[in-house]
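Down below is the structure, laid out as structure tokens.
What follows draws every value from the coordinates through simple rules; no lab data is involved. The shown structure was predicted, so the numbers you read here are calculated from the model rather than taken from an experiment. Glycine gets a Cβ as well: all are built from the backbone with ideal geometry, and neighbour counts include every protein chain shown.
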Amino acid sequence: MKEKLVVIGNGMAGIRAVEELLKLAPDKYEITVFGSEPHPNYNRILLSPVLTGEKQFSEIVLNDDAWYAEHDITLHKGKTVVDIDRRKRVVKAADGTTAAYDRLLLATGSIPFILPVPGKDLPGVIGFRDFADVEAMLMAAMDYRHAVVIGGGLLGLEAANGLMKQGMKVTVVHLPDALMERQLDAPSARMLKKSLEERGLEFVLQGDTEEIIGKKRVQGVRLKDGRELTADLVVMAVGIRPNIELAKKTGLYCERGVVVNDTMQTYDPAVYAVGECVQHRGQTYGLVAPLFDQAKVCANHLAHFGIARYEGSITSTKLKVTGIDLFSAGDFSGGDQTEEIVLQDAGAGMYKKVVLKDNRIQGAVMYGDTMDGAWYFQLMRDGTDVSNLRDKLLFGQAHLGDAGHGDIKTRVVAMADSTEICGCNGVCKGTIVKTIVDKKLFTLEEVRAHTKASSSCGSCTGLVENLLAATLGGDYSTAPKKKPVCPCTEHSHDEVRLAIRNQSLKTMPAVFKTLEWKTPDGCNKCRPALNFYLLVAWPGEYVDDNQARFINERVHANIQKDGTYSVIPRIWGGETTPGELRALAEIAEKYEVPTVHITGGQRIDFLGIKKETLPAIWGDLSKAGFVSGHAYGKAIRTVKTCVGKNWCRFGTQDSTTMGIELEKMTWGSWTPHKFKLAVSGCPRNCAEATIKDFGVVCVDSGYELHVGGNGGVKVRATDFLCAVKNPEEGKEYCAAFLQVYREEAHYLERTAPWVERIGLSYIKQRVVEDAESRKLAAERFYNSQRFSQVDPWAERAMGMDKHEFIPLKLVG
Amino acid sequence: MQAVTKTNTNSWIEVGAVADIPKQGARVVRTKDGDIAVFRTLDDEVFALRDRCPHKGGQLSQGIVYGNKVACPLHDWKISLDTGMAVAPDEGCAARFPVRVEGGKVLLSLIPEEGCLNA
């Protein structure tokens, strides 16, 4: 027999938990839902646009009645649960309806805080919390003229704006001396107030409500300073508090909210709680993203999977008042340890402030131009060291040398529907917005799954996040404090790497077992990552798992769109000989290679090779002295060089020889992502060393080493690491840098974002300042190279992995 | 996967041993009507699909196999091996071919099961 699950609360958090549960264990429970409101589950954060008339109620319904029916969920709409008998495990609604449970989920949400002043119960005094409140406001707007909103926070201003749009004359009474004081600092609050005043709102700041006056209905508000404001409608928006009345009544332990642990369980193991009624690690949440995180964790435990943990969220806010762009995130109140960077242009109505602590973003406030909100939020969430961005930080991501994307003119809201957002997959703004609305999407991952936007190179992620925020309105935010490797696990990349080392995990099944993977053999995201981590942790010991490698690395060639492959032999340092070229020409003719191309990394590329032909062509290349160029792998790619002082009249050092030596030292190594090097013979930098992962620029006095460059989707110039006197030193620094990158970066993280994430100062400390650390890292690299400098092409030409290259059978 | 009743028993072709296919991998059976990918999962289940991703025709046989799914190497669509259907929200299918294992040998029918136009 199925277990019984009763959900008290038919709102966003409770139903999200049910949805997550249905995904994991669709047949586990017989589900009953009680909701006080006479509606199915709707998107509460979109009540503001309903109030302004920009949306209809039907447009914000998330789960219609048919959905409940389809999933065999018994829905009691308009029935408030008044009693829980935890001993007998039965809940009872006000109308006498009862339901028995094996597990109970409390999702009672929050209730508006009503000021305890005389007159608070008069007709015409309401909160702003549910659709009934919106209906009351819309009714009042038809019959009456004057409204007072008490509370100048997010909710209060949205209510005020909506009432004004409905034709009422609105005064906002706010106790502090600035609007939205929890989200804004003084300058941005002043700008907001000015622009709202221009739209027709009136404000009474430092207004302390003493009494709501009126006989049969509210007639006005009297303040402590004696002023009286006319009002036919009073909206109390001074805050919300967790709705814990029922939980308290039934004896569940509550503080400000219902106290839960990291599995969303209350003090009664049969009772779970999610959403705004919850207090987790001392925090209560009122935004949608944390609630969804909680719902996911809760569902995992209700499904008896028992592995997910909720560890809190950081959140950001955006005001949903059409035409006003405002963003705030994190803690921007400042303090002794913090620094502020401010950019203000009152004339243009633009203000940005970023608060830093130890060179990491702690909070941000933006007014007027919020284009980069998502970017700051991401930097904050990732704890990125921004020391090298400080001088450009406030000008936005577009000023970091982003090629083609992120142009400030391409502000999402102003974009035409036909504007292409995702260049990789050809997805336009209109498609994304329509999909968000039609499919009721909330997260970046959902948008990626449904539209493919931002799912390839990721350079449009900021734009897509902005579109989500603009489409959903305010409370969109992405929140998990740590990112799991993939949906197979809750563990982050760093946690997995640490466990592999500290717990001596030496095989993939050992990782799956020890770290409680949710899937028996992982997926195509985690297996390649784990294979790499194990390879780096246990060189010479771990046996590479071919089946965990992407096709290109499995067959040591690059798959093309027609299913043929490309073959790029290594040409050390980009220097070749007539003999080598003759050999290549003969091989190309022998195999009738359709296209021969010269690559950006100074190599020669044979395109259009059939898979079955690969071992034969490799055999011939091998005989001619060539080895694999690893142009297909997350591996050392190329070392590009110029001719240096041997020929060039400007050359300062022998850049070609140093490049060849670097390539001989590093080739064959697997890395978290592709890794390119270059050596330029003088600061004219013809080998483009300053957009490589590791670049050397020769100068008269020696060799300048540069790291973290990238010439791809998002161009990033290198950071200067240090200068060294001779090539030998340069090679040791290179080996050490490579090894630290191999050991500490996340799989599929290139050096550019890695350097930005962990900070150049850390890398300098490991590779430059601490000579001992450098020497040890270099030695670990040399050691691992003993096992990786085996030419995979020669091996396969000799018959290794033969099954990869021939059909199982030819029929007919 | 079970044989479909319509399949003529004479049409079973022995294409090789289960051991010839790597675990969590696939091999190709080349026919005059196109390639068929024969997959072997971690727990030795064997499946056969048209070797053509419904998205842009990528060779599914070259993808990473995990659980009962394969990820297409071209654009990372996931295809369920047991149904041939793309994993939602993507839509499309690769036709299934009846396949069974007898005494360690893989027997394949070249007549695709009905229900998928990408045969």
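A few remarks follow.
- Panel order for A:Met264, A:Met168, by other beta carbons found within 10 Å of each beta carbon, from fewest to most: A:Met168, A:Met264.
- Likely footprinting exposure, A:Leu748, A:Leu229, fewest C-beta neighbours within 10 Å first: A:Leu748, A:Leu229
- Residues of the range A:696-726 falling in the label zone of A:Glu688, defined by backbone nitrogen less than 18 Å from a point 7 Å along Cα to beta-carbon, are A:696-698, A:706-719.
- Exposed chymotrypsin sites (Phe, Trp or Tyr not before Pro) absent: longest stretch of chain A, with sites in DSSP loops and at most 14 other Cβ within 10 Å deemed exposed: A:306-646
- Taking amide H positions as modeled 1.01 Å from N, with prolines and chain starts lacking one, the residues under 5 Å from A:Cys722 and 5 or more places away or on another chain are A:Leu705.
- Inter-part distance where the range A:585-624 and the range A:79-157 are each reduced to a Cα centre, Å: 72 Å
- Near the amide H of A:Tyr267, within less than 5 Å, lie the amide hydrogens of A:Tyr253, all on another chain or at least 5 residues away, with H placed in the peptide plane.
- Centroid-to-centroid separation of the range B:50-119 and the range A:746-793 [C-alpha atoms, Å]: 40 Å
- If the segment from A:Arg86 to A:Glu575 were pulled out straight at 0.36 nm per residue, it would be longer than the present Cα-Cα gap by 168.1 nm.
- Residue order, fewest to most beta carbons within 10 Å, for A:Thr171, A:Thr519, A:Thr671: A:Thr519, A:Thr171, A:Thr671
- Taking a point 7 Å from the Cα of A:Ile307 along the Cα-to-Cβ direction, the residues of the range A:516-540 with backbone N closer than 20 Å to it are A:516-534.
- Lysine pairs with alpha-carbon atoms under 21 Å apart, the range B:9-109, spacing 8 or more or separate chains: 7
- Label point at A:Asp417 placed 7 Å out along Cα→Cβ; residues across the range A:26-65 whose backbone nitrogen lies under 19 Å: A:54-56, A:59-60
- For B:Gly63, the amide hydrogen comes within under 5 Å of no other amide hydrogen, counting only partners 5 or more places away or on other chains and with H modelled in the peptide plane.
- Separation of the range A:481-536 from the range A:677-701 is 37 Å, based on Cα centroids.
- Taking the DSSP beta bridges with both ends in the protein assembly as shown, the antiparallel portion is around 70 percent.
- Net dipole in debye of the range B:26-86 [+1 Lys, Arg Cβ; -1 Asp, Glu Cβ; about Cα centre; nearest 20]: 260 debye
- The angle between the Cα long axis of helix A:373-382 and the longest principal axis of the Cα atoms of chain A comes to about 70 degrees, rounded to the nearest 10.
- FRET efficiency estimate (nearest 0.05) - Cβ-Cβ, A:Ser456 to A:Leu607, R0 22 angstrom: 0.50
- Among the residues of B:35-46, the average count of other protein chain beta-carbon atoms within 10 Å of the residue beta-carbon is 2.
- Potential lengthening between A:Glu197 and A:Val596 on full extension [0.36 nm per residue; Cα-Cα distance subtracted]: 136.9 nm
- Number of partner chain Cβ atoms within 10 Å, mean per residue of A:800-812: 6
- Gain upon complete extension [A:Asn783, A:Ala348; 0.36 nm per residue less C-alpha separation]: 150.7 nm
- Whole-Hz ³J(HN,Hα) from phi, Karplus 6.51 cos²θ - 1.76 cosθ + 1.60, for the range B:27-44, glycine and proline x: 10, 10, 10, 8, 10, 5, 8, x, 7, 10, 8, 10, 9, 10, 8, 4, 9, 6
- Hz values of 3J(HN,Hα) by residue in the range A:692-698 - Karplus curve (6.51, -1.76, 1.60), Gly and Pro given as x: 10, 5, 9, x, 10, 10, 6
- Partner shielding of B:23-33 amounts to 5, given as the average count of beta-carbon atoms from other chains within 10 Å of each residue beta-carbon.
- Comparing A:Ser195, A:Leu154, A:Asn710 along the charge dipole axis of the protein assembly as shown, the residue lying farthest to the positive side is A:Asn710, per the Cβ-charge model.
- Distance between the pseudo-spin-label points of A:Arg256 and B:Glu91 (7 Å out from Cα toward the beta carbon): 4.6 nm.
- Distance in nm between pseudo-label sites at A:Lys224 and A:Ala186 (7 Å out along the Cβ direction from Cα): 2.1 nm
- Using alpha-carbon coordinates, inclination of helix A:186-199 to the longest axis of chain A, degrees: 60 degrees
- Modelled spin-label separation between A:Glu589 and A:Ala616, with each label point placed 7 Å from Cα along the Cα-to-Cβ direction: 1.8 nm.
- Estimated FRET transfer efficiency (A:Asp700, A:Ala624; beta-carbon r; R0 35 Å; 0.05): 0.35
- Computed from the Cβ-Cβ distance with R0 of 41 Å, the FRET efficiency linking A:Asp438 to B:Ser11 stands at 0.40.
- Seen against the Cα atoms of chain A and their longest principal axis, helix A:12-24 is set at about 40 degrees.
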